[in-house]
1. Are any residues in segment 80-119 more than 16 Å from ligand 1 (Cβ to nearest atom), over 19 Å from Ser6 (Cα atoms) and among the β-branched types (Val, Ile, Thr), and if so, which ones?
2. Filter segment 214-245 down to the residues that are basic (Lys, Arg) and more than 14 Å from Val204 (Cα to Cα) and list them by number.
3. Read through the list (1) among the acidic types (Asp, Glu); (2) free of Cβ contacts under 8 Å to residues at least 60 places away in the same chain; (3) part of a loop (DSSP other than H, G, I, E, B); (4) more than 22 Å from Lys39 (Cβ to Cβ), then give the number of the only condition that Asp308 fails.
4. Please enumerate the residues belonging to segment 236-253 that are of a type in the set (Gly, Ala, Ser) and closer than 24 Å to Phe63 by Cβ.
5. Which of the following residues is in contact with a helix residue (DSSP H, G or I) (Cβ under 8 Å, 6 or more places away or on another chain), touching a residue at least 40 places away in the same chain (Cβ under 8 Å) and more than 21 Å from Asp78 (Cβ to Cβ): Gly162, Gly181?
6. Does segment 251-263 contain any residue that is farther than 25 Å from Ile52 by Cα and within 15 Å of ligand 1 (Cβ to nearest atom)?
Amino acid sequence: MKGTTSFYLLTDTHLVSKSNWVDAPPINRRERGDQIALKASPEILDAFLAKIIADKDTDNVIFIGDNVNSGDIASHEDFRARLDRLKAAGKKVYVTTATHDYCSPNGEDECFQHDAVRYTETGTEPTAFLLRRDLAAFYNDYGPKQALSVDPESGSYTVQLGDGVRMILIIDNGNGRSHCGLFEEGMQWLADQIKDAKATGNFVMLAVHHPVISPWEVYRHLVEYELYGGYRELSELMCSEGVRVVFTGHTHVQNIRKYTDDAGRWFVDVSTTAAVSAKGQMRHVTVNADTGDCDIQSVGLETLPGIDTGGQSAYDYLYGLNFAGRVERFFPLLKTDFDRFLEETNGVLPAEKLRAHKTLAKLGLRTAAGLKLSFAAKLGKVWRSLTPQQKKAAKQTKLFDVLFTIFRHIYPGNAPYTPDTLEYTVLHALMQRLDRLVEKHKIEKVQKLIPPGSSLTEMGEDFLYNNRTGDDNAIRLNLNTTS
Ligand SMILES: [Fe+2]
Ligand SMILES: [Fe+2]
């Protein structure tokens, strides 16, 4: 009997050291324009750590990149101190890195971050950062040092998580503009590692920062380079070797998607939302090493110790920090105090432009804000087929409320409107009408975004309800390579 092995997996913790900012407009503007919490990132990470440490039955913890927000040394040191804390609590900790973990002053190493900054009262000032080549040594204790095997080119490594259970942690440093993923020798190393794990009686799983399966069709067509670079080759390898699961991050989207090839071979990409998202989650995974049964669950935070949320839940507080949350929160001001609306959403909406065309902007935004779902139903030519009850509801439902609800589910997953809802009926019909219009008028700019054989309707469905595995937060599968 080999028993069970468990681990927690976190991604995109985007830690920002407290020493990197003073509470003033520059950091606040930066945070507003983002989609994750920056100032509260240490408290959020600590809250996750507290849960992990309290769980005496789970002794492995894995982080898969974008551990810090902008590659600066202060944040890396704060992050590593937390790894030390986990280790002191008896946990085995494994870390990989990604593009937010380093800077490249000359634009080399596929990195947007040329330098790291500290946010002052009035602006920013440069601060010390790590280069990509510094990372392996910095995290050696929490990576290669514990490995069964290390790929010399990428630094990817294999670890024994427990009796009969191995994890291969792939480092795909690169942002996909010219490279993201393993080169030929790295792929050979990976294939050998999978074979070795199987030959020695282990179940094997993979983890890599960039997604192998796109969370949504539209993502693949707009930003395919954001996927793990060799995703087709890796998918083929997983299918042919029967590797059942890869854990990914980067998109900040909670998403579980199954890929099945033409021969019926399959694997699942478990993409985990950023730990510092409004609805940040970590995965908790248990593998029965005798049967291969693998149970994947999600764990979030209900409270944020150390943060004054003003009586709000952790989610409401964090959601309100960033662009969508801010627009939603201050939306009522559109009617009563347009100037304050612009002020509060500055850094999110183009306040200067809107101010320059104030009358038009005010009218346009107010009109849009007042639109009801019935308007969309008429536009989608589905109004007549609605029941009187549905018509009544459509007249009472604000279109923006529906759109905000959809947006609230983009990162946490499990989109809200299943096919039996009025919202689905109306929006689905509207998208179908748009498809017809795009086709009829040959609107090339839109047509370019639609993959062959697909449609706006099909792509939009991803955002209406979970048309994938049924639940983005949990799945049970069996890791047997032949099942
Ligand atoms: Fe990230
Ligand atoms: Fe990333």
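1. Within segment 80-119, Val117 is the sole residue that qualifies.
2. The initial filter retains those residues of segment 214-245 that are basic (Lys, Arg), namely 220, 232, 244.
Scanning segment 214-245 gives Arg220, Arg232.
3. (4)
4. Gly249
5. On the way: Gly162 fails: in contact with a helix residue (DSSP H, G or I) (Cβ under 8 Å, 6 or more places away or on another chain).
Unique residue meeting the criteria: Gly181.
6. Filtering segment 251-263 for residues farther than 25 Å from Ile52 by Cα gives 257-263.
Right, trim to within 15 Å of ligand 1 (Cβ to nearest atom) and you get none.
Looking through segment 251-263, none of the residues is farther than 25 Å from Ile52 by Cα and within 15 Å of ligand 1 (Cβ to nearest atom).
For every residue, the table says whether it meets (1) part of a helix (DSSP H, G or I); (2) crowded, with 23+ Cβ neighbours inside 10 Å; (3) within 16 Å of ligand 1 (Cβ to nearest atom); (4) of a type outside the set (Asp, Glu).
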residue: Met1; (1), (2), (3), (4): no, no, no, yes
residue: Asp12; (1), (2), (3), (4): no, yes, yes, no
residue: Asn28; (1), (2), (3), (4): yes, no, no, yes
residue: Ile36; (1), (2), (3), (4): no, yes, yes, yes
residue: Lys39; (1), (2), (3), (4): no, no, no, yes
residue: Pro42; (1), (2), (3), (4): yes, no, no, yes
residue: Ala47; (1), (2), (3), (4): yes, no, no, yes
residue: Lys51; (1), (2), (3), (4): yes, no, no, yes
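Conditions (1) among the small types (Gly, Ala, Ser); (2) touching a Lys or Arg at 6+ places or on another chain (Cβ under 6 Å); (3) within 16 Å of ligand 2 (Cβ to nearest atom), marked per residue:
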| position | (1), (2), (3) |
| --- | --- |
| Ser70 | yes, no, yes |
| Ile73 | no, no, no |
| Lys87 | no, no, no |
| Gly90 | yes, no, no |
| Tyr94 | no, no, no |
| Thr97 | no, no, yes |
| Asn106 | no, no, no |
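The values are calculated or read from the model by the stated rules, or taken from the named source; none is laboratory data. All of these numbers come straight from a predicted model, not from anything done at the bench. Neighbour counts are summed over all protein chains in view; Cβ atoms, including those assigned to glycine, are modelled from backbone coordinates with ideal geometry.
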